[in-house]
Ligand SMILES: C[S@@+](CC[C@H](N)C(=O)[O-])C[C@H]1O[C@@H](n2cnc3c(N)ncnc32)[C@H](O)[C@@H]1O
């Protein structure tokens, strides 16, 4: 039988050769998953013997990581805000930067116990909608996505977090399938915003594994903001709060797009790294 020390050393060496930025961390997380241990045990018990079944399980995950599949997809989960979200190749892996939208929304809402109607356009894994709903105990949510496979993941997450009864998921091209009478108090949206020209600069982990309909947009990445600017004003009422994620170079372009609408109080909010990450506005 092999020991953890041998397996770990060999795997780190292989992953470093495959240009992984976090070879050691990745190997420890994969070993922990294969052995049903936590990451610390992997480091603290180097002489632990690993049986053949566990070695095979680990090797299969390592092969996937060597091919640059994202850790989130191999492990099937990703932490976001205060929860762990189920993810797969049909939804975008939640990014820490997107927590800027949750923080901004919570700052803007004074009565957290109110019955608030929340809309999440392009819900993907449901991470934005469900994280915000988990902080607003009487909120009611609608998550929209054009991808039925992404919606299946969002529903799984809603069920796991005990929020399914308070929310609904609709397959739609943005608001097309919503009744004209639907009005929301909070609208969240992280649309696709990467310009096609930037595709070749993306890490293979993203470019080759994440759904392209979650990533890319025409007009230098701004096409969906233009469409959303036409749709969003009809989805709220006076005072509705809107939070849109943006690429860090897109602040002024998105501001200009929404300046042409009835929106008020349009502002750019930075993420924790100080880069432009969110355009917030009121209807
Ligand atoms: C950048 S991802 C955001 C996913 C999730 N909200 C998050 O923040 O991790 C964009 C999402 O919008 C969806 N999408 C793209 N175009 C759409 C459209 N026209 N109508 C509805 N959803 C769309 C994609 O399928 C994808 O799930």
Inter-residue pairs, beta-carbon under 8 Å, first at positive phi and touching a residue at least 12 places away in the same chain (Cβ under 8 Å) and in segment 202-230, second in a strand (DSSP E or B) and away from the ligand (no atom under 12 Å from the Cβ), 6+ apart: 220/195; 221/195
What is the residue count in segment 177-191 for residues that are within 8 Å of the ligand (Cβ to nearest atom) and either closer than 14 Å to residue 233 by Cα or surrounded by fewer than 19 Cβ atoms within 10 Å (Cβ to Cβ) (or both)? 2
I need a count of the residues in segment 164-175 that are over 20 Å from residue 88 (Cα atoms) and buried (at least 16 other Cβ atoms within 10 Å of the Cβ). 4
Would a scan of segment 154-161 turn up a residue that is within 12 Å of the ligand (Cβ to nearest atom), in contact with a helix residue (DSSP H, G or I) (Cβ under 8 Å, 6 or more places away or on another chain), touching a residue at least 12 places away in the same chain (Cβ under 8 Å) and assigned to a helix (DSSP H, G or I)? yes
I need a count of the residues in segment 93-112 that are outside any helix (DSSP H, G or I), under 17 Å from residue 265 (Cα atoms) and within 11 Å of the ligand (Cβ to nearest atom). 0
Quick check on residue 7: is it more than 14 Å from the ligand (Cβ to nearest atom), modelled with pLDDT under 95 and assigned to a helix (DSSP H, G or I)? no
Failed item in (1) free of Cβ contacts under 8 Å to residues at least 60 places away in the same chain; (2) within 9 Å of the ligand (Cβ to nearest atom); (3) part of a strand (DSSP E or B), with residue 120 passing the rest: (1)
For segment 110-120, which residues satisfy the criterion of being touching a strand residue (DSSP E or B) at 6+ places or on another chain (Cβ under 6 Å) and over 20 Å from residue 83 (Cα atoms)? 116, 117
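The values are calculated or read from the model by the stated rules, or taken from the named source; none is laboratory data. Quantities reported herein were computed from a predicted structural model and do not represent experimental measurements. Glycine also receives a Cβ, built like all others from the backbone with ideal geometry; neighbour counts cover every protein chain displayed.
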